[in-house]
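Peer 1: Below are the C-alpha cells for one structure; questions will follow.
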Amino acid sequence: LPTATRLPLVSPPPRLPGSQEEREEVTHLSTTSFSLLTTPPPIRRARDTSPTMGASASTSNSSPEAHEQREQETLASAALAIPLLRAAHSRTTAAASSNALADALSPPRAAFRLPGSSSPPPPHLDALLPRLGPAIASLFFAHGGEEGASDASWVGFLKGFNRCCARVPASQSLALLLRVYAAACADAGAPCGVRYQPDDGDEGKFEGELAPEEIAVLLWMCWVMTWSGSAPRVAADGGGEKSEPVAVLLPDVSHLVLSALVSAGAVADDAGVWAWEVSAGGKGVKVQEFTSWVLSTAVGLGSCLSRYVQERFRSLAADPVEEGSISTANAEFDTSDAYLLTRGRAWEISLSLRSKLSEKFLLASVVGMDTDDLLYRSSVHGKGLSRFWSCVEGYKGPMLILLSAFSNGGSDNVDADRRWGIGVLTEEGFENKDTFYGSSGFLYATNPIFRMLQPSGKEKNFMYCHMHPQIRVYEAKPKPVGLAFGGTIGNERIFLDEDFSKVTIRHHAVDKTYQHGSLVPNQGYLPVEASVHEVEVWGLGGETTKRQQDVYKKRENIFSEQRRKVDLKTFGNWEDSPEKMMMDMISDPNAVRREER
C-alpha cells in the first residue's frame, strides 16, 4: 500500500462484553480473585473431644482421688523410688501386727556405750530409742492426724512419707526432727525441755530450752538414725528378739554440745572451756538459739529424719524379715584415740558440709575411716615439710589436714587437758609454689570446741606450700618455707613451719579469705604460737585419685633412678678424653708434645 494509506501497528483495545449481565460477571470474578489473594486462610477450630453422653471420661476429667494420688507419687518419687515405696507399703499392710509400720520405723536393737569407757550412756537414751518408730508413725502416718490410727491406704502412706521426707527448707526439717524428739521423750518419760505448740496452720512453734544433757541425747539419737541406715548388716541366723544386742560405740559429741552452748552464750569462750563436761549440767539453750546454731554450724542435722525414714523403707523393701543382728565392725575395738580423725570428729565435719564429701565423712563416723586414705602422719612418716611432701606429692584431690598442738604458755605446757586441735579441708591437692592458690576450703576448730569457718568470698588465699628450691639463689626478700592457710604472705592466718615443730595462729583481722572466728579458745589479737604434737593428712579423692598418685610416684622414681646412674661407656677412652689433656697441661704446661698424625 502507499505510505499515506499505511495504518499504525497498535494493539486493538480489549473487547468488552456487550450485555450488562456479562459486565457484572467480569466484575464479580475480578473482585473474587483479589479477595483470594488478600484474605488470610480461615482458622481451623479444634475438634471438640469432650465425651458425649455414655462415653468414658477423659484423662483431664479424672477423679479427684486419682489426681491426688498422682500428685503424691510425683512428690514422693523425688526422695525415693515408687517401687520401693510400694514394696514397703505392701509389707507393712500385709503384716499381722497392727504396729507393723511403727516396728519398721524403729532402729535395730543394740547396746550403746560411750567412747573411752565401759559406762553406759544416760539411761533415758535406751528408753528413748524404742519409742522413735511409734513417734514417727503417729506424727506423720496417722489417719486424719489422730494418734494411733494409721492410714493403711496407699495415698495415706504417701502423704505420711511426704510429710517427713519431702524437700523442704532446713529450718522446717529441723522442726520436724524436734517434734519427733519431743514426742519420743514424752512417750518414754524422758526429760525434755522442748514443747511444741500447734497453731491453726500446718506449722506450730517451739518453746522452752534444751539442757546440755538433752542436747547430747538429741545428737546421739540423730547419730543412731545414721548408724541404722549406714551400718553394714549381716544375715540374721537365730536373731530376733531373743538374740543378744551387739555393742555399738557412740561418738563423742561433747565438742558439738559445747559449740552450741558457746554460740548461745550459755558458756563463756574463755579458759573455762577446758574443764567443761556434759555431765556437769549448767544453763540450757533456748530452742530458737539452738536452731540458729544448727543452721550455721551443723546444717546436716535437719536431714537426719528424712534420711532415716528412707533407709528404713529401703531396707524393709529389700528384706521382709526384720534384721536381727548388725555387723559388729563398729564395736570390735575402740579406735577413738588412735587417730586425730575420730568417728565423732568425722560426724561433726559431715554435719557441716553440703557437698558429696559429707557422705564419706558420714560413713566414716559409723565404721571408721579407711586407713588406706591416710596419706601422712607425722608420728609414722616423720616430721618436716620434706617428709610431708614425699607423701602428698601427686595427689590431685580433696584432703583433710588435722593438727594437734599445745600452747607455749608455761613450763608445764605439755598437758593433755590444754591440747587443742584445728583442721583444714581443701578441695585440691598441694603444689610447691611461692604464692597462695586454691579454689575453696574450710577451716575447723576441732578441740575442745567445734567451729567451722567458711570462705568469705573476698580473697582466694586458701593454700600455701613452699619448699626450698633445689638450686638456691640470692633473694632479697625470701618467701617463708612451710604450709599456710588464709591471710597473706608474712601475715598468714595459720602457718606451719618447715620442721613441723611450731604452728602460728593469727587473728582473723589479717585474713579476708575465710570467715571471722577464733580457732583457739580464748584467742586474742596477738599471734598464738604453739608446739605441734601430731599432723595427719587424709585423702578424700577415692581409689581413682590414689591410683593416679601411685602412677605419678612410680614415674618420678624412674626419673630419679635414671639421673643417678652414670653410663661410663658414654665417656669413651680416658687416654683420648679432653679431661686427660687438660690435666696434662695443668701438670706441665711447658712439656713438648708430639702431635700424632
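Peer 1: Which far-off residues, 5 or more places away or on another chain, put their amide H under 5 Å from the one on Ala111, with H placed in the peptide plane?
Peer 2: Result for Ala111 returns Val246, Ala247, Val248.
Peer 1: Rounded, prolate or oblate: which one fits the stretch 371-548, using the alpha carbon gyration tensor with axes a ≥ b ≥ c (rounded when a/c is under 1.5, else prolate when a/b beats b/c, else oblate)? Could the numbers behind the result be given before it?
Peer 2: Values: a/c = 1.27, a/b = 1.18, b/c = 1.07.
Rounded, since a/c falls under 1.5.
Peer 1: Using a simple spin-label model with points 7 Å from Cα along the Cα→Cβ vector, what separation in nm is obtained for Thr74 and Ala318?
Peer 2: So the label points at Thr74 and Ala318 sit 3.1 nm apart.
Peer 1: Additional query: Distance in nm between label sites at Ile586 and Thr93, each 7 Å beyond Cα in the beta-carbon direction?
Peer 2: Those two pseudo-labels are separated by 9.9 nm.
Peer 1: With 20 Å as the limit, write out which pairs from Lys396/Lys512; Lys460/Lys512; Lys383/Lys554 have Cα-Cα distances beyond it, or answer none. Before the final figure, lay out each step's value.
Peer 2: Details: Lys396/Lys512 25 Å; Lys460/Lys512 8 Å; Lys383/Lys554 23 Å.
Over 20 Å apart, Cα to Cα: Lys396/Lys512; Lys383/Lys554.
Peer 1: For a paramagnetic label modelled at 7 Å from the Cα of Ala152 toward its Cβ, which residues of the stretch 82-96 fall within the zone defined by backbone nitrogen distances under 15 Å?
Peer 2: 89-96
Peer 1: Leaving out ligands, DNA and RNA, what percent of the accessible area of the stretch 371-548 is carbon and sulfur, probe 1.4 Å? All intermediate terms of the calculation are to be shown ahead of the outcome.
Peer 2: Working: 3830 of 8150 Å².
With neighbouring chains kept in place, the figure for the stretch 371-548 is 47 percent.
Peer 1: Based on the mean of other beta carbon atoms within 10 Å per residue, what is the order of 126-135, 273-282, 78-87, most packed first? Walk me through the intermediate numbers first.
Peer 2: On the way: 126-135: 20.4, 273-282: 13.0, 78-87: 15.2.
Ranked by mean Cβ neighbours within 10 Å, highest first: 126-135, 78-87, 273-282.
Peer 1: Residue-wise, which Karplus ³J(HN,Hα) couplings in Hz belong to the stretch 457-470, taking 6.51 cos²θ - 1.76 cosθ + 1.60, θ = phi - 60°, and x for glycine or proline?
Peer 2: Those phi angles translate into x, 7, 10, 10, 8, 7, 9, 8, 9, 9, 10, 5, x, 5 Hz.
Peer 1: Right, something else. With θ set to phi - 60°, apply the Karplus curve 6.51 cos²θ - 1.76 cosθ + 1.60 along the stretch 272-287 and write out the HN-Hα couplings as whole Hz, x wherever there is a Gly or Pro.
Peer 2: x, 6, 5, 9, 7, 9, 5, 5, 6, x, x, 5, x, 10, 5, 4
Peer 1: How much accessible surface does Glu543 have with a 1.4 Å probe, in Å² rounded to 10?
Peer 2: Ignoring ligands and nucleic acids, Glu543 comes out at about 150 Å².
Peer 1: Shifting gears a bit: Using 0.36 nm times the number of residues separating Arg195 and Arg555, minus their current alpha carbon distance, what extension gain do you get?
Peer 2: Separation in residues times 0.36 nm, less the Cα-Cα distance, equals 123.2 nm.
Peer 1: Could you do me a favour and compute the accessible area per residue for the stretch 371-548, 1.4 Å probe, result in Å²? Numbers along the way, then the final one.
Peer 2: Details: 8150 Å² over 178 residues.
Dividing the accessible area of the stretch 371-548 by its residue count gives 46 Å².
Peer 1: What full-extension length gain, to one decimal in nm, is calculated for Glu277 and Tyr437 as 0.36 nm per residue of separation minus the Cα-Cα distance?
Peer 2: Details: separation 160, 0.36 × 160 = 57.60 nm, distance 3.98 nm.
Result: 53.6 nm gained on full extension.
Peer 1: Taking 7 Å along the Cα-to-C-beta vector as the label spot, tell me the Ala127-Thr488 distance in nanometres, rounded to one decimal.
Peer 2: 6.1 nm
The values are calculated or read from the model by the stated rules, or taken from the named source; none is laboratory data. Everything numeric here is computed off the predicted structure, so don't read it as measured data. Note: ideal-geometry Cβ built from the backbone for every residue, glycine included; neighbour counts use all protein chains shown. Only protein heavy atoms, including side chains, enter the accessible area calculation; ligands, DNA and RNA are left aside. Shrake-Rupley method; radii C 1.70, N 1.55, O 1.52, S 1.80 Å.
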